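Taking it in order: structure first as structure tokens, then the write-up.
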Ligand SMILES: [Zn+2]
């Protein structure tokens with residue numbers, strides 16, 4: 001009896017404290033692996049994340065299984081400098097290769113184990129995003145109509161990739177690949193910053209190109225005023241339907257807050273960034 005009363009009191013408190021706060025739905029298009037996948041996913045789900053595009057070492061990725069309240073899309077990191085995932089330096093593939101075989105990739109796409117090609121690490125490898133080595137992977141993505149996410153802009157310290165070059169993260173380098181593989185759905189990871197004007201130019205030219213705000217929405221990486229200015233530039237350029245949310249393993253509440261507190265965005269525009277644009281990008285077949 002006492003227990004029942006206690007339970008009722010707590011349930012009442014729970015409903016009252018949650019009443020009136022419809023939780024923000026979030027599609028996180030940029031996530032990598034963590035030491036404790038279960039805790040990582042539980043934390044994201046609690047914040048309102050219902051769908052995730054994840055890319056990490058192939059073996060760790062196998063620990064991320066679809067759950068009732070969470071949808072997962074699986075990526076393919078390519079190429080892996082010295083066979084390793086930047087920062088964590090785990091082997092990308094069991095055989096230590098930098099480039100997985102195309103036959104294997106095609107098999108995995110067909111089996112539903114790869115839903116997008118990315119994070120494309122061309123810049124960490126010291127090559128252009130349009131390098132001819134990457135074209136066969138892009139063509140496979142086009143053949144199966146899956147999207148490609150390419151790292152752009154800067155990088156944090158200690159990534160462990162000696163061939164990394166900042167200027168290879170310029171989104172204007174994507175023009176060649178977009179012309180060579182017409183219709184390929186590409187997203188410019190990290191909004192190209194500090195080359196965000198080049199990202200805007202590419203997006204204006206190619207309507208199937210989207211971008212994500214991951215890393216730059218983390219105030220530990222980029223100051224909020226600069227972040228705010230970048231988002232405003234994309235919106236003022238008429239690109240509000242092609243900006244997507246990503247956490248890139250940053251604190252989910254803080255990275256979400258970076259967007260919620262942008263006063264120049266309407267509630268509708270925030271909804272688009274948090275999940276609507278990503279739903280459109282990942283689901284639209286061409
Ligand atoms: Zn990245």
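Rounded if a/c is under 1.5, else prolate if a/b beats b/c, else oblate: with a ≥ b ≥ c from the C-alpha gyration tensor eigenvalues square-rooted, which is region 30-126? Prolate shape, in that a/c is at least 1.5 and a/b is the bigger ratio. Here 29, 105, 120, 231 are placed in order of increasing Cβ neighbour count within 10 Å, fewest first, which gives 105, 231, 120, 29. Largest GNM mean-square fluctuation across 253, 95, 241, computed for the chain with C-alpha springs under 10 Å, falls on 95.
Taking only alpha carbon atoms, the chain gives an Rg to Rh ratio of 1.00, where Rh is the Kirkwood radius.
Peptides 254-263, 147-156, 196-205 ranked from most to least packed give 147-156, 196-205, 254-263, packing being the mean of other C-beta atoms within 10 angstrom over each peptide's residues. Taking Cα atoms of region 238-286, Rg/Rh with Kirkwood Rh, to two decimals? A ratio of 1.00. Averaging 1/r over every pair of different alpha carbons in region 163-286 and inverting the result gives a Kirkwood radius of 14.7 Å. Taking the Cα atoms of region 66-187, the ratio Rg/Rh between the radius of gyration and the Kirkwood radius comes to 0.96.
Using the Cβ-Cβ distance between residue 241 and residue 38 with R0 set to 30 Å, the FRET efficiency from 1/(1 + (r/R0)^6) comes to roughly 0.30.
Once you have the Cα-Cα distance between residue 251 and residue 224, take 0.36 nm times their residue separation minus that, and quote the gain in nm to one decimal.
On the way: separation 27, 0.36 × 27 = 9.72 nm, distance 1.47 nm.
This chain segment gains 8.2 nm when fully extended.
Treating each Cα of region 128-211 as one equal point scatterer and applying the Debye formula with no solvent, the log10 of I(q)/I(0) at q = 0.26 Å⁻¹ comes out as -1.32. Where only DSSP H runs of four or more residues are counted, the chain gives -10000 deg cm²/dmol as its mean residue ellipticity at 222 nm, each run worth -39500 (n - 2.57).
Our note on the geometry: Cα centres of region 260-277 and region 134-154, 27 Å apart.
Based on other C-beta atoms within 10 Å, arrange 116, 264, 93 from fewest to most.
Values: 116 24, 264 10, 93 20.
Ascending Cβ contact count within 10 Å gives the list 264, 93, 116.
Extending 7 Å from Cα along the Cβ direction at residue 283 and again at residue 63 yields two label points whose distance is 3.1 nm.
Test of understanding: ordering 242, 276 by Cβ neighbours within 10 Å, fewest first, what list do you get?
On the way: 242 22, 276 17.
Fewest-to-most Cβ neighbours within 10 Å comes out as 276, 242.
Label zone of residue 70 (point 7 Å out along Cα→Cβ, amide N under 20 Å): in region 263-286 this covers 274-276, 278-279.
Taken together, the values in this text are just the output of simple stated rules run on the coordinates, not laboratory data. Predicted model, so just to flag it, every value in this text is computed and none were measured. Don't worry about glycine lacking a Cβ; one is built from the backbone with ideal geometry, like all the others, and counts go over all protein chains shown.
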